[in-house]
1. Quick one: which of 426-439, 399-412 comes out on top by average Cβ neighbours within 10 Å, and what's the full order, highest first?
2. Quick one: what are the phi-derived ³J(HN,Hα) couplings along segment 441-452, Karplus 6.51/-1.76/1.60 with θ = phi - 60°, whole Hz, x for glycine and proline?
3. Which value, in Å² and to the nearest 10, is the accessible area of D182 when all protein chains are kept and the probe is 1.4 Å?
4. What order do T313, T326 take when sorted by accessible area (1.4 Å probe), most exposed first?
5. Suppose R0 equals 45 Å; then what is the FRET efficiency for D380 and D64 from their Cβ-Cβ distance, rounded to the nearest 0.05?
6. Distance in nm between label sites at N415 and T304, each 7 Å beyond Cα in the beta-carbon direction?
7. Determine the gain in length on full extension of the stretch E215-D337; use 0.36 nm per residue of separation and subtract their C-alpha separation, reporting nm with one decimal.
8. Assuming R0 = 35 Å, what is the FRET efficiency of N470 and E297, from their Cβ-Cβ distance, to the nearest 0.05?
Amino acid sequence: MIRVMPVESGNSAAARQVKQKRKSHSLSIRRTNSTEQDRPGMQRDMLEGQDSKLPMALRSNLLDLFGQIEREFENLYIENLDLRREIESLNERLAGEGQTVDGGDLSKGALKTKASHSTSQLSQKLKTTYKASTSKIVSSFKATTSRAVCQLVKEYVGHRDGIWDLAVTRVQPLVLGTASADHCCMLWSIETGKCLLKYAGHAGSVNSIKFHPTEQMALTASGDQTAHIWRYMVQLPLPQPPADISVSQKAPVSSRSPKTCRLGELNLLNCPRTCLVGGKQVVTASWDRAANLYDVETSELVHTLTGHDQELTHCCTHPTQRLVVTSSRDTTFRLWDFRDPSIHSVNVFQGHTDTVTSAVFTVGDNVVSGSDDRTVKVWDLKNMRSPIATIRTDSAVNRISVSANQRIIALPHDNRQVRLFDMNGVRLARLPRSNRQGHRRMVCCSAWNEENQACNLFTCGFDRQAIGWNINIPALLQEK
């Protein structure tokens, strides 16, 4: 006898599968809800059964956080099931009227709007909870160090355009000098924030300012293809308003007309940088891909440093030795050695992948370089094959500076932040910034003031202001 088995139609088989899925979903939901009350006991069993080096309190906290995430996803899953039931019921209703709408069509209507809205709210809530929880966990693993105290002391406001560079005099009286794109340089009283002197001798953006180590003499470089050496005389405090001096006329605050050094055939958009070599010679770095060495007294060209493939961005001299370092947009910086008068050696360093914005010497035998590739690297002059420390940041790094006393690196960024690191690459602090204090645009430069503990760091940027800060690193001060 042959028994004929009943054959199900396609519709009935599909309906049975849908019922089985619904049944399994409902069972899983009921099972989840039923075990909700037993979750603390299960967590304790898991903690006792697993071997881990984490403290019991921390493990319990982690399980609670993951449990919250799991419950949020369970709620989302149940909500999706409810939406699917609404779609099916709507399909059945439309099928009776001779129309069918699939889930893809409904996703364009109100149901998708409701689902996406609820999902976005849930995801935002999860992100907020997760970030807050994980930040607390990560912070608990960090080693406790003494906090750095960073306070805003004074704001120096008066320029009509962004400030490219700033420097502090090395001789008394101590004043702050700023170089701006408004074609002017200003000397400021550090304590009062008042402008003491305004130098208006340039016809283009003033991109750099440096001071003589022993005399009241300033060196400025501009996009007008000139570098000026000019003397200044200021008194603290200054009772009269700021005075203007220019190349064409003498002012009471200047004992002689400023000297002018022609830098040759340069593009009008050049960006020369300057530095003083022992007070007797001047080094200028320009967009003509060369650095020139001039005599201060005669303004004559002594030597031309060539070799970079693209425009130069910065130059710096060693505080005690006849060494010059130049940085360029060709992703390299070069070390020029003038210690032997008969041989001028040069070393090329290719440690960055983007424009090297600055490279500076430290009091010891180190060079610190910053780049648009968002890194800062510390090099040893005795072995510069590879950096001894690398600092990775989230924004391009502009003109850096290193504190001679505390050996702290100040990093000004394009994203308006200023961060402090030690020579080992350990982050020490970030200068406070909000709507009420700090820079509101790109920070171009930083400079340390070793003689004034009340205001020992200065920064400037394209928000047309310079800011004086008080930086106190207790751990480093104790080591010194």
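The values are calculated or read from the model by the stated rules, or taken from the named source; none is laboratory data. Please read these numbers as outputs of a predicted model, since none were measured by experiment. Positions of Cβ are backbone-derived with ideal geometry, glycine not excepted, and every protein chain shown enters the neighbour counts. Remember, those area values only see protein heavy atoms, side chains included, never the ligands or the DNA or RNA. Shrake-Rupley method; radii C 1.70, N 1.55, O 1.52, S 1.80 Å.
1. Numbers: 426-439: 14.6, 399-412: 22.0.
For the peptides 426-439, 399-412, the packing ranking is 399-412, 426-439.
2. In residue order, the calculated couplings are 9, 3, 8, 8, 8, 9, 8, 8, 10, 6, 8, 10 Hz.
3. 20 Å²
4. Details: T313 20, T326 0 Å².
Per-residue accessible area, sorted high to low, gives T313, T326.
5. 0.40
6. Reported label-point gap for N415 and T304 is 4.2 nm.
7. Contour length minus the Cα-Cα distance gives 41.3 nm.
8. It comes to 0.35.
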